[in-house]
Amino acid sequence: MLELKDLQTNFAVKEKVIKIKAWNGEVKIRELTTKERSQIVEVMQGDSIIDEKGSTLKLSNLTKAQILTAHYGLVEPSLSTKDIESLSESAFEGIKEINEAIEGLSKKN
């Protein structure tokens, strides 16, 4: 029978150094925890519109979720959501790269 320690060993949070082309440098990222993922989904769904075609995410919710994902997943440099929000819009390409890399880490389990 599985025990908590087995799960913690088998599903430890992974870290990885990646190159961010948009920022012309490297950052260290980590996989998200299940609690963090839940919080991000909550932000993403926020006040989404549900109609006969299904759910429609607001672009502002998606952007907030991407910022939160980068905040949680960045190890080095460690950035708060306010730090990320204070960057110029041109830095957002790097945020998208970070999000994609974090998603990739989670899918390799």
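The values are calculated or read from the model by the stated rules, or taken from the named source; none is laboratory data. Remember, it's a predicted structure, so these values are computed and weren't measured experimentally. Neighbour counts run over all protein chains shown; Cβ positions are idealised from the backbone, glycine included.
Observations
- Of all residues in segment 60-79, those satisfying the criterion of being without any contact (Cβ under 8 Å) to a residue 24 or more places away in the chain and either within 12 Å of Leu32 (Cβ to Cβ) or in contact with a Ser or Thr (Cβ under 9 Å, 6 or more places away or on another chain) (or both) are Asn61, Lys64, His71.
- Of the helices (runs of 4 or more DSSP H) lying entirely inside segment 14-89, the ones with 3 or more residues being buried (at least 17 other Cβ atoms within 10 Å of the Cβ), within 12 Å of the chain's Cα centre (by Cα) and modelled with pLDDT of 95 or more are found at 59-73.
- Cβ-Cβ distances below 9 Å connect the following pairs, each with a first residue in segment 32-45 that is closer than 22 Å to Lys16 by Cα, a second residue that is outside any helix (DSSP H, G or I), and a separation of six or more residues or different chains: Leu32/Val13; Thr33/Val13; Ile40/Leu32.
- Selection of segment 96-106 for residues being among the hydrophobic types (A, V, I, L, M, F, W, C) and more than 9 Å from the chain's Cα centre (by Cα) yields only Leu105.
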